[in-house]
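*Asks:* Okay, here's the structure, questions in a sec.
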Amino acid sequence: MLVFCLFITPALSQKATKQATPSDKDRAVMQIRQLKQNALIVRLQMREQTTEQLRQAGNAEAATKLQLEQEKKNKEIIAAFRSDFTFCPVYFIDGAQSELLTRKEWDKIVFLNAEGREDSTIRYSYPLFFTGEFTSMDQNISALIIADENFVRLPDPFPSHVNAYSELSENRPVSKSVRKLNSELHDYFKFYSR
């Protein structure tokens with residue numbers, strides 16, 4: 001079950017104070033252009049292993065509840081990207097297919113449709129990809145992040161994350177996190193495309 005609360009504070013949303021070297025900036029400009037010309041593949045958690053363990057332990061009711069909550073959360077993420085993310089095309093996969101993704105075994109990857117169901121008619125058609133997911137960055141901070149093909153978060157100054165949860169901040173809905181990331185990507189691209 002993908003469980004996270006969405007929080008943000010001004011202090012946590014600040015980018016690292018480290019000054020970007022020219023090579024850092026050049027790399028980030030190249031990456032933002034690559035993302036704009038290609039696509040983002042969002043990895044969704046299905047929690048199949050946890051639900052199976054619950055079933056094997058004789059707790060089918062808890063397993064079903066966890067599965068339904070996870071499906072609801074994944075549908076919320078998909079809906080937020082479909083309605084609030086315009087920077088580049090977005091695809092969705094079951095996070096369990098991550099190994100296939102790193103090996104670019106496109107013929108074996110089954111993408112997910114708008115309902116979060118596997119859809120073998122969806123094909124990836126871009127030369128490069130970046131990945132996105134809601135994940136933990138630090139002990140008490142969860143974020144919506146953008147990473148490279150090997151799931152390594154893109155370094156600053158690339159706008160690669162939006163804090164989604166912190167014990168020190170307020171709740172932020174999934175759609176607001178997606179909108180904020182979309183806005184930051186558009187702003188960064190626009191600034192460096194002049």
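Please treat every number below as a calculation from the coordinates, not as lab data. Here the structure is a predicted model, which means the values were calculated and not measured. Please note: Cβ atoms are built from the backbone with ideal geometry, for glycine as well, and neighbour counts cover all protein chains shown.
*Asks:* Using a/c under 1.5 as the rounded threshold, could you call segment 112-167 rounded, prolate or oblate? The axes a ≥ b ≥ c are square roots of the C-alpha gyration tensor eigenvalues, and prolate needs a/b larger than b/c, oblate otherwise.
*Replies:* oblate
*Asks:* Once both labels are modelled 7 Å past Cα along the beta-carbon direction, what's the ASN150-ASP107 spacing in nm?
*Replies:* Simple spin-label model gives 2.6 nm for this pair.
*Asks:* Residues with beta-carbon under 12 Å from that of THR86, excluding THR86: net charge, scoring Lys, Arg +1 and Asp, Glu -1? Write out the running numbers ahead of the final one.
*Replies:* On the way: positive: LYS36, ARG82, ARG179; negative: ASP84.
It works out to a net charge of +2.
*Asks:* Given LYS75/LYS176; LYS36/LYS190; LYS36/LYS75, which pairs have Cα atoms separated by over 22 Å? Don't jump to the answer; show the numbers that get you there.
*Replies:* Numbers: LYS75/LYS176 15 Å; LYS36/LYS190 11 Å; LYS36/LYS75 24 Å.
Flagged as over cut-off: LYS36/LYS75.
*Asks:* Could you work out the relative contact order of segment 22-192, using alpha carbon pairs under 8 angstrom and six or more residues apart, expressed as a whole percent?
*Replies:* Dividing the mean separation by the residue count of segment 22-192 yields 26 percent.
*Asks:* Then there is this: Taking only the alpha-carbon atoms of segment 22-192, what semi-axes of the equivalent ellipsoid follow from 5 times the gyration tensor eigenvalues under a square root, in whole Å, largest first? Intermediate values should be presented prior to the final figure.
*Replies:* Values: eigenvalues 160, 79, 42 Å².
Equivalent ellipsoid semi-axes, largest first: 28, 20, 14 Å.
*Asks:* To continue, here is another question. Under a plain spin-label model, where a point goes 7 Å from the Cα along Cα-to-Cβ, how far apart in nm are GLU99 and THR86?
*Replies:* Label-label distance for GLU99 and THR86, simple model: 4.0 nm.
*Asks:* From the phi angles alone, apply the Karplus equation (6.51, -1.76, 1.60; θ = phi - 60°) to segment 124-134 and give each ³J(HN,Hα) in whole Hz, x where the residue is Gly or Pro.
*Replies:* Result, ordered by residue: 8, 10, 10, x, 10, 8, 10, 10, x, 5, 8 Hz.
*Asks:* Still on this model: Using only the Cα atoms of segment 47-123, build the gyration tensor, take square roots of its eigenvalues as a ≥ b ≥ c, and label the shape rounded, prolate or oblate: rounded if a/c is under 1.5, else prolate if a/b is larger than b/c, else oblate. Write down the numbers at each step before the final one.
*Replies:* On the way: a/c = 2.82, a/b = 1.51, b/c = 1.87.
Here segment 47-123 falls in the oblate category.
*Asks:* Also, I was wondering about something else. How do ILE109, ILE32, ILE122 rank when sorted from fewest to most other Cβ atoms within 10 Å of their own Cβ? Intermediate values should be presented prior to the final figure.
*Replies:* Working: ILE109 20, ILE32 26, ILE122 15.
Final ranking by Cβ density, sparse to dense: ILE122, ILE109, ILE32.
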